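Everything on this sheet refers to the single structure shown next.
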Amino acid sequence: MLDLLPDLFDTYPEKLTLLAPMFSSYGSRECFWGEVVTVKCYRDNSKVKEVLAQDGTGKVLVVDGQGVMDCALLGDMIAANAAKNGWRGVVIYGCVRDVSTLKTIDLGVKAIGVNPIKTEKRGVGEINIAVEIFGVIISPHSFIYADANGVAVCNESLDISMLDL
């Protein structure tokens, strides 16, 4: 499946909300979807690392990094651990680093930018709370659908079995 979102919006236009078209793809998995887990943090990826170290089978982590562009909230080591733990993808309203290596990891990764500088590690952040990204509320247990066309959120799991996956 190369283009998931056009088919989903054709089939379920009233159920999906498209996030602002600001996300670029950095992982090897261009198309991914799953149940949402959220992290809200500010210049500290401690909670991102903590959550992605857990079993993430069928899940997508949405990180509200508050759009900070001066450090990266995800790098190659945390991403490799996420893939090992079964996560389907990570959507970051913030930056990533190690982008050449991220392309080799079996994980969907969407972010708004790149920065080679790591974050501080203070253990600060919130897990599984509703986050808002450019006016779109994303709640834990909602669903993310992403491909090269963008990132969409839905409050329920959609039947994608009829699509050519």
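Each reported figure results from applying straightforward, stated rules to the coordinates on display, with no laboratory input. Model, not experiment: these values are computed from the prediction. Virtual Cβ from ideal backbone geometry, glycine too; neighbours counted across all protein chains shown.
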- Is it the case that region 81-91 has a residue that's among the hydrophobic types (A, V, I, L, M, F, W, C) and farther than 21 Å from Leu4 by Cβ? no
- Task: Scan region 17-36 residue by residue and report those that are more than 16 Å from Gly113 (Cα to Cα) and either among the small types (Gly, Ala, Ser) or touching a helix residue (DSSP H, G or I) at 6+ places or on another chain (Cβ under 6 Å) (or both).
- Result: Ser28, Cys31, Gly34
- Query: Are any residues in region 1-48 among the small types (Gly, Ala, Ser) and over 20 Å from Pro140 (Cβ atoms), and if so, which ones?
  - Reply: Ala20, Ser24, Ser25, Gly27, Ser28
- Out of (1) among the small types (Gly, Ala, Ser); (2) outside any strand (DSSP E or B); (3) closer than 26 Å to Thr11 by Cα, what's the single condition that is false for Ala146? (2)
- Query: Quick one: Thr119 ticks every box in (1) surrounded by fewer than 21 Cβ atoms within 10 Å (Cβ to Cβ); (2) farther than 23 Å from Leu4 by Cβ; (3) in contact (Cβ under 8 Å) with a residue 40 or more places away in the chain; (4) hydroxyl-bearing (Ser, Thr, Tyr) bar one, so which box is it?
  - Reply: (1)
- Message: Please verify whether Gly56 is farther than 19 Å from Ile112 by Cα and either in a loop (DSSP other than H, G, I, E, B) or of a type in the set (Asp, Glu) (or both), treating the condition exactly as stated.
- Response: yes
- Would you say Met69 is more than 30 Å from Leu163 (Cβ to Cβ) and outside any loop (DSSP other than H, G, I, E, B)? no
- Task: Would you check which residues across region 24-71 are under 23 Å from Asp7 (Cα atoms), of a type in the set (Ser, Thr, Tyr) and surrounded by fewer than 18 Cβ atoms within 10 Å (Cβ to Cβ) and list them?
- Result: Ser24, Ser28
- Note on the structure: Selection from region 100-129 of residues hydrophobic (A, V, I, L, M, F, W, C) and touching a Gly at 6+ places or on another chain (Cβ under 9 Å) yields Leu102, Ile105, Leu107, Val109, Ala111, Ile112
- Query: Quick check: is even one residue across region 28-37 touching a residue at least 12 places away in the same chain (Cβ under 8 Å), under 15 Å from Asp106 (Cβ atoms), among the acidic types (Asp, Glu) and not in a helix (DSSP H, G or I)?
  - Reply: yes
